[in-house]
1. What would the Debye equation give as log₁₀ I(q)/I(0) for the chain at q = 0.13, 0.21 Å⁻¹, counting only Cα atoms as equal point scatterers?
2. Share of antiparallel DSSP beta bridges in the chain, in percent to the nearest 5?
3. Where the only charges are on Cβ atoms (+1 Lys, Arg; -1 Asp, Glu), what is the dipole of the chain about its Cα centre, to the nearest 20 debye?
4. For n ≥ 4 DSSP H runs only, could you compute -39500 (n - 2.57) per run for the chain, divide by its residues and tell me the 222 nm figure to the nearest 500?
5. Of T9, N117, I103, which is farthest on the positive side of the dipole of the chain, counting Cα position, with +1 on Lys and Arg Cβ, -1 on Asp and Glu Cβ, and the Cα centre as origin?
6. If a/c stays under 1.5 just call it rounded; otherwise compare a/b with b/c (prolate if a/b is bigger, oblate if not). Do that for segment 1-62, with a ≥ b ≥ c from the square roots of the Cα gyration tensor eigenvalues.
7. Fewest first, what order do V63, V29 take by the number of other Cβ atoms within 10 Å?
Amino acid sequence: MIFWPKEDTTQEDRNRFFALTSASRIIAVENVWFQRIRETKLYVYHLPTETFACKDENAGYYVSKEAVQPLAVEPVGDLVCRLAEENIELRITPSLWKLRNEIITSTVNFSMIRMSNAASE
């Protein structure tokens, strides 16, 4: 799960979720995923933008109905270091469910597309 403040995020929610950090975004993952994050080799694909349309502005999802060839492909490197370089806080927690329940009723932006992978409540 990832969450971040938006223009209309209330001061109460800013204090509740971001008071103790200067990070621009927070990514929360369950403990069992941390080793996988450390071992994953991830690549950035730079794609031509002409045929892409925004599918979900909140989450930043863009799709193309046409096949495209990457302009470049580059390894991300150490994922934890890359997050730190991007001013993103990585939060490791035993369970995402309590945080999820608070986030979905708040005024912050979020993406929880992989919650089906979370451990059961």
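Readers should treat all values here as calculations from the given coordinates under stated rules, not as data from a laboratory. What you see is a predicted model, and the numbers here were worked out from it, not measured in a lab. Please note: Cβ atoms are built from the backbone with ideal geometry, for glycine as well, and neighbour counts cover all protein chains shown.
1. Relative scattering, expressed as log10 I(q)/I(0), comes to -0.66, -1.33.
2. On the way: 13 of 19 bridges.
If we restrict to bridges inside the chain, about 70 percent are antiparallel.
3. Details: 14 positive and 17 negative charges, 68 e Å.
In total the dipole reaches around 320 debye.
4. Working: 4 runs with 28 residues, N = 121.
Rounded to the nearest 500, the figure is -6000 deg cm²/dmol.
5. Result: N117, furthest along the dipole toward the positive end.
6. Numbers: a/c = 2.87, a/b = 1.19, b/c = 2.42.
In terms of gyration-tensor shape, oblate.
7. On the way: V63 10, V29 19.
Placing the least packed residue first, the sequence is V63, V29.
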